[in-house]
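Structure record follows, encoded as structure tokens.
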Amino acid sequence: MGEHRTNRASVHEWAGSRSAEQDTVSAFHDYVCRWGGPHYLAKYDHGVYEFAVDVLDDQELFSSGSDASPDRRHFYQAAAQQLAFMMTALDQRLSELETGRLIRLVLHAERGAMFCVSATPKNYVLAIVFGAAAAVKGRAARVLPQVGIVRDADMFVSGIADGIRDRLGVPSLNPGGWRTALPTVDPPSPEGPPRDDAVRSALQRRSSPLSTLGGRLPDLLSPDELVYLAHCRTGDIVAEADILDHEQIVELRPHLPPRAMRTLYRHVAEEFATFTRQLSQLARQAIRGRMLRIVLDVEQGALYYYRLGPRDYLVGVTVNQKRVSQSDRRMGELVADLVGAGAGFGQ
């Protein structure tokens, strides 16, 4: 997983009352030393916060403006433990979507990110990475899923969870879709994904005068990637578009009619206003700045939240686990374009 960025002597370890397997602790020591890895890494299993390792004592690894500090370890532990609780709670909430367990949760804020990835049910790898992670106003607006420190740590933690599953003799859940992600980043297409007759005939859309995005949402839809999008304001949907009637989606979800799927996704889109408040409050103990992006990665696809402004946010859904990262990037490109164009959503 890359070359070493620090030596093992720089790694701080904390262990809970229950002794963890020494092989696992040693492996986490090695992971946190490597380039691309998170700065704080922990293991949580069935309600027990087993241990944590970090490189917070090696301040040369952090920029001068970083919020990372060894004096804040107790805050990081509290935030990570609460994230594990939220992972379990959100897993239960999303079960009615019938797309499998919640296997990966990403909280992407302006000054860092937190991750929780499931190795097995209620057995989580937790991580924090610190540093500037926001989009930049103007032409330099960054696509959030492509912010280097966040993307690298995301892939790293997903790989650790996969490694634990491999040692247990069970197959990968492909968190993040990284195992099937394209090796290179395609340049964004101004027209969006290719259109075809089946997509056009399956398209359902509605928009109110409160949204300026209604005309742009359909261009992001594809049966292989994003199948539902909603622009929300203070928890109410002001524009949405979907292709849940597409035959490819119906074949993937034969036991749930498109109308029922649409209703479920509408409810979740509106609930993101509450989810985001709760998760932002949790994350604020560890990472600074506003919550910009949230990924709820389930066994069959993912749900995405992107902040547009103080009241506005965008929600997207894919049901294709192989294209989770590409779907995320597609949404990130739209939001980066809006930020760069000064779309008027505010800060």
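The values are calculated or read from the model by the stated rules, or taken from the named source; none is laboratory data. For clarity, every value in this text was computed on a predicted model and none was experimentally measured. Positions of Cβ are backbone-derived with ideal geometry, glycine not excepted, and every protein chain shown enters the neighbour counts.
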*Within the bounds of the stretch 286-294, is there any residue that is surrounded by fewer than 16 Cβ atoms within 10 Å (Cβ to Cβ), assigned to a loop (DSSP other than H, G, I, E, B) and not acidic (Asp, Glu)?*
yes
*Are there any pairs, at least 6 apart or on different chains, whose C-beta atoms fall under 8 Å, with the first in the stretch 196-207 and within 14 Å of residue 266 (Cα to Cα) and the second surrounded by fewer than 13 Cβ atoms within 10 Å (Cβ to Cβ), and if so, which?*
207/215
*Name the pairs whose Cβ atoms lie under 7 Å apart, with the first residue in the stretch 63-86 and assigned by TED's automatic domain parsing to the domain that holds residue 129 and under 28 Å from residue 122 (Cα atoms), the second among the hydrophobic types (A, V, I, L, M, F, W, C) and in a helix (DSSP H, G or I), and 6 or more positions between them or separate chains?*
79/282; 79/283; 82/282; 83/282; 86/279; 86/282
*Kindly provide the set of residues from the stretch 241-261 that are touching a residue at least 12 places away in the same chain (Cβ under 8 Å) and closer than 21 Å to residue 324 by Cβ, ordered by number.*
241, 242, 243, 244, 246, 248, 249, 252, 253, 256, 261
*So, of the residues in the stretch 247-285 that are under 30 Å from residue 131 (Cβ atoms) and of a type in the set (Lys, Arg), which turns out to be surrounded by the fewest Cβ atoms within 10 Å (Cβ to Cβ)?*
277
*Return a yes/no flag: does the stretch 97-111 have any residue that is outside the structural domain of residue 262 (by TED's automatic domain parsing), more than 27 Å from residue 146 (Cα to Cα) and part of a helix (DSSP H, G or I).*
yes
_Give me the residue from the stretch 19-35 that is modelled with pLDDT of 85 or more and among the polar types (S, T, N, Q) and, out of that set, surrounded by the most Cβ atoms within 10 Å (Cβ to Cβ)._
24
*Just one of the numbered conditions (1) at pLDDT below 90; (2) hydrophobic (A, V, I, L, M, F, W, C); (3) assigned by TED's automatic domain parsing to the domain that holds residue 326 is not true of residue 185; which one?*
(3)
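Residues checked against (1) part of a strand (DSSP E or B); (2) closer than 27 Å to residue 39 by Cα; (3) touching a Gly at 6+ places or on another chain (Cβ under 7 Å); (4) modelled with pLDDT of 95 or more:
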| site | (1), (2), (3), (4) |
| --- | --- |
| 304 | yes, yes, yes, yes |
| 309 | no, no, yes, no |
| 335 | no, no, no, no |
| 339 | no, no, no, no |
| 345 | no, no, yes, no |
